[in-house]
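Before we start, here is the structure in question, set down as structure tokens.
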Amino acid sequence: MAELMYWQGILRAHDEEMARDPLVFAMGEDIGVAGGTYKATSGLFAKYGEHRVVDTPISENSYTGIGVGAAMVGARPIVEIMSVNFAWLAMDQLMNNAAKIHYMSGGRIRCPFVMRVPGGTAHQLGAQHSARMEKVFMGISGLRVVTPATPRDAYGLLKSAVRSDDPVVIIEHESMYNLKGEVPDEEFFTPLEGVEIMRPGKDVSIFAYNISVHWALDAAQKLASEYGIDAEVIDLRALKPLDRAGIAASVRKTHRAIIVEEDEAPVGVGSEVMAIINEECFFDLDAAPVRVHALDVPIPYNHRLEKAAIPNAGDVVAAVKKMFGR
Amino acid sequence: MDATDQKRLLREMLFARRFEERCAEAYHERQIGGFLHLYPGEEACAIGVLEKARTGYDYVVTGYRDHIHALKSGMDPKALMAELFGKEAGCSKGRGGSMHLFDPDVHFMGGYALVGGPFPLAAGFAKAIQLRGGQEISICFLGDGANNQGTFHETMNMASLWKLPVLFICENNLYGIGTAIERSTVEINQYKRVAPYGIEAAQCDGQDIDIVMSHAEKAVNYVREQRKPYFLELMTYRLRGHSMSDSGAYRSKEEVEEWAQRDPIGIYKRRLVEAGVVTEEEFHAMDKSIQDEIENEVVRYAMECPEPRVEDVARYVYTEGGNNHG
């Protein structure tokens with residue numbers, strides 16, 4: 001098993017899928033000659049050429065639409081949006097066409113379209129480069145939305161997304177491209193549905209996704225060593241469709257739930273997971289579920305303000321302690 | 001073109017007219033719901049252009065005024081009318097409606113409600129054709145109003161840059177919904193607007209199907225042989241409102257009457273009568289047989305076939321097996 005960085009997992013998935021199927025192609029800003037802002041497509045231009053590793057002009061909505069159109073007639077595009085914030089400009093093609101075409105054609109047209117977006121806050125990038133759009137994508141019928149937290153899933157989710165006949169949005173993270181982790185040498189596919197238990201535990205379920213999985217794991221370690229609280233960390237991983245049964249199963253075991261998200265709370269992942277817990281296993285709860293989330297503010301530039309706006313492992317520890325009356 | 005084909009074309013245009021008029025009746029009888037955008041006055045555009053394309057082979061896409069493009073592409077009129085009646089036997093299984101007709105079996109790729117949305121889709125079909133090394137072309141019909149969307153400019157740029165085989169047909173009916181072109185657009189000659197993108201373009205009368213076919217033949221051949229885009233502007237006029245709810249306040253009765261004198265069916269019929277290809281009696285018999293066919297076969301079928309089952313409402317959100325892979 002090799003240790004790869006997150007970006008290397010994405011690159012390996014691209015390379016394997018493009019080598020396998022000549023109708024798989026990549027599009028985006030600076031992904032070809034420049035090698036990709038996060039190196040996730042580096043070397044592919046030389047190997048597959050300009051028709052399959054397409055450097056686009058800065059026209060997010062229309063190159064997304066070109067990907068959607070190509071997908072509708074059998075090609076398998078992987079469209080990279082340089083920063084998730086720019087995906088707002090592509091929402092028309094994503095939402096009105098990619099997400100709806102299969103349904104509104106009565107199942108006659110498939111749209112095996114993949115959009116990769118680096119989401120989340122990095123470091124002092126300001127309000128227009130720090131968006132977290134998961135709440136938007138997961139509100140759109142017809143899309144699948146997945147969020148890799150590890151190099152292993154960065155690879156495995158892209159592999160599955162390319163093979164799926166549904167449109168899939170993959171939310172990566174600007175701060176995680178250099179994260180290292182083990183990735184099996186043999187080909188594998190991470191399912192596009194279902195949660196993964198990252199750390200089994202019996203006292204409280206901590207639900208997280210993408211970067212917040214790491215905050216939750218750090219918090220769980222501290223809770224165990226310093227407070228004797230055995231937390232179960234669940235990577236939601238697939239935000240749409242959410243795994244209701246997987247969420248409920250963990251809560252039925254621990255009877256307590258914390259949801260950790262990098263996004264603001266209103267209309268977010270946390271509110272949705274909390275609603276599922278309420279609907280599926282309310283009477284299994286020993287305490288009211290709690291959300292740990294970003295402040296509802298445009299992300300500020302100043303580093304202290306930025307840090308204050310975004311949650312961290314300490315906030316998770318504090319929330320669990322409070323829940324246990326410690 | 002021999003007399004048989006001329007008579008067939010006349011019949012196709014008259015069928016289109018009677019079909020749309022029957023739709024209007026069914027709308028008033030509330031058998032058709034939603035929004036309904038009809039094509040009378042513009043028949044020579046879709047029928048003339050697609051007469052010179054390889055229907056069933058070339059890919060066709062358009063906006064929401066899409067009935068006649070679908071028919072000329074080869075869609076069964078019964079499947080079309082059944083769709084308008086919201087039936088399971090409709091071309092989109094009753095999930096689409098008037099604005100979302102689909103028939104991928106004949107490469108009719110839809111019917112879209114967002115103005116300008118199909119531009120990049122059409123380029124995407126062409127991108128897939130290019131990847132496969134196919135000889136098909138992509139044909140995109142949209143109105144003059146669509147050319148003020150960003151997708152117009154973005155797509156023209158990419159289609160020309162990447163040499164995508166797309167034929168853009170602009171049906172210039174002088175109004176974007178209820179606003180006259182000179183009140184919305186600086187350059188009213190639409191074909192001139194693609195010059196900065198290095199795309200060959202022409203403008204011609206869209207009411208005389210012989211003129212349309214002559215220009216369309218050149219345009220189709222250009223795209224098929226040169227493997228790059230072409231833009232053809234057809235000057236036309238819709239004799240009915242934008243949709244079924246149209247105040248008509250934005251244009252004068254005199255103007256509508258003036259264009260009614262240039263009705264494409266009238267122009268072609270007079271020419272064929274003068275040339276001795278068809279007689280007045282034959283024309284009336286043709287009209288009668290069309291109306292009988294629409295009433296006795298098409299409308300009856302649409303009325304009698306069943307609606308979708310309510311328990312299938314969530315079917316087609318995802319493809320079956322969309323989470324499978326490998």
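The values are calculated or read from the model by the stated rules, or taken from the named source; none is laboratory data. Because the structure is a prediction, the values reported are computed rather than measured. Positions of Cβ are backbone-derived with ideal geometry, glycine not excepted, and every protein chain shown enters the neighbour counts.
Filter segment B:252-279 down to residues that are under 23 Å from the mean Cα position of the chain (by Cα) and in a loop (DSSP other than H, G, I, E, B) and give me whichever is surrounded by the most Cβ atoms within 10 Å (Cβ to Cβ).
Only one residue tops the list, namely B:D263.
Please count how many residues of segment B:75-98 are among the small types (G, A, S) and either in contact with a strand residue (DSSP E or B) (Cβ under 6 Å, 6 or more places away or on another chain) or more than 9 Å from every other protein chain (Cβ to nearest Cβ) (or both).
Looking only at that region, the number is 5.
Can you tell me which residues in segment A:101-123 are part of a loop (DSSP other than H, G, I, E, B) and under 21 Å from the mean Cα position of the chain (by Cα)?
Passing the criteria: A:C111, A:P112, A:F113, A:G120, A:T121, A:A122, A:H123.
Here's the yes/no breakdown for (1) in contact with a Gly (Cβ under 7 Å, 6 or more places away or on another chain); (2) exposed (fewer than 15 other Cβ atoms within 10 Å of the Cβ); (3) free of Cβ contacts under 8 Å to residues at least 40 places away in the same chain:
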| residue | (1), (2), (3) |
| --- | --- |
| A:V213 | no, no, no |
| A:Y227 | no, no, no |
| A:D235 | no, no, no |
| A:A257 | no, no, no |
| A:V269 | no, no, no |
| A:E279 | no, yes, yes |
| A:H293 | yes, no, yes |
| A:P298 | no, yes, no |
| A:R304 | no, yes, yes |
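Confirm whether A:T56 is crowded, with 19+ Cβ neighbours inside 10 Å, away from every other protein chain (no Cβ under 14 Å) and among the hydroxyl-bearing types (S, T, Y).
No; evaluated as a whole, the condition is false for this residue.
So which of B:L101, B:L71, B:L114, B:L131 ends up being more than 15 Å from A:S105 (Cα to Cα), within 12 Å of another protein chain (Cβ to nearest Cβ) and either within 16 Å of the chain's Cα centre (by Cα) or surrounded by 24 or more Cβ atoms within 10 Å (Cβ to Cβ) (or both)?
Answer to the selection: B:L114.
State all residues of segment A:88-109 that are facing chain B (nearest Cβ under 7 Å) and crowded, with 24+ Cβ neighbours inside 10 Å; if no residue qualifies, say none.
A:Q93, A:N97, A:H102, A:M104, A:S105, listed by residue number.
Quick test for you: out of A:G35, A:G43, A:G49, pick the one residue that is surrounded by fewer than 20 Cβ atoms within 10 Å (Cβ to Cβ), modelled with pLDDT under 95 and of a type outside the set (V, I, T).
None of the other options fit; the residue is A:G35.
Mind telling me which of the residues B:E25, B:E29, B:E21 ends up being closer than 27 Å to B:Y175 by Cα, free of Cβ contacts under 8 Å to residues at least 12 places away in the same chain and either buried (at least 18 other Cβ atoms within 10 Å of the Cβ) or away from chain A (no Cβ under 14 Å) (or both)?
Just a single option satisfies the conditions, and that option is B:E25.
Quick check, is B:R300 away from chain A (no Cβ under 14 Å), within 17 Å of B:F15 (Cα to Cα) and at pLDDT below 95?
Considered against the rule, which asks whether it is away from chain A (no Cβ under 14 Å), within 17 Å of B:F15 (Cα to Cα) and at pLDDT below 95, B:R300 comes out as no.
Condition check ((1) closer than 19 Å to A:F113 by Cβ; (2) within 12 Å of chain B (Cβ to nearest Cβ); (3) over 24 Å from the mean Cα position of the chain (by Cα)) across all residues:
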position	(1), (2), (3)
A:I10	yes, no, no
A:A13	yes, yes, no
A:P22	yes, yes, yes
A:G28	yes, no, no
A:G32	no, no, no
A:S42	no, no, no
A:A46	no, no, yes
A:G49	no, yes, yes
